[in-house]
Every structure is written in C-alpha cells, then in structure tokens.
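Quick notes on the structure that follows.
Where a number appears in this text, it was derived from the coordinates with a stated rule and is not lab data. All of these numbers come straight from a predicted model, not from anything done at the bench. Neighbour counts run over all protein chains shown; Cβ positions are idealised from the backbone, glycine included.
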Amino acid sequence: MMKTCRSIGKSMKTNLNLKDIIRTVPDHPIPGIQFRDITSLVEHSEGFNYSLTQLTKHCMQFNGNTIVGI
C-alpha cells in the first residue's frame, strides 16, 4: 500500500540536523564562500528521506500536488 505525503510526514519522528550531513567546502569557488555539497546528503538515505519529507510538508501548506525537482 502506498502512503500519501501527509501520512509519511506524520509517521516520521526522526529529527536530523541536515547541516551535520551536508558537506561544506570552504572558500569555493572563491574565498569567503562556503559551498554546500549535497552529495553527502544523497548518500545518507535517512537524511535524504528526511529532507524530502520536510520539503513535502512545506509544499503541502501551499496545496501543491507535484514537486518537480530539488
């Protein structure tokens, strides 16, 4: 049985700090810029699932029915 976005958001009780998962590359591409590399987030299945669930919850406030991309 497929869960809807609303039921996924309600059943997930994990609170992750995504900044701990997302890799930061200092001074890239120029000094003073902190580049956030989401490759590490995509590789972390629980963190990636959590981020998508949170994004979906925020989109549901606007009655959206499709998320096209991240």
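Note that region 48-64 has calculated 3J(HN,Hα) couplings of 5, 4, 4, 5, 5, 5, 5, 4, 4, 4, 5, 5, 5, 5, 9, 6, x Hz, one per residue in order, obtained from phi through the Karplus relation 6.51 cos²θ - 1.76 cosθ + 1.60 (θ = phi - 60°); glycine and proline are x. Summing +1 for each Lys or Arg and -1 for each Asp or Glu, what net charge is found among the other residues whose Cβ lies under 14 Å from the Cβ of residue 20? Once positives and negatives cancel, what remains is 0.
Computed packing ranks the peptides 39-50, 54-65 as 39-50, 54-65, most packed first, by mean other Cβ atoms within 10 Å.
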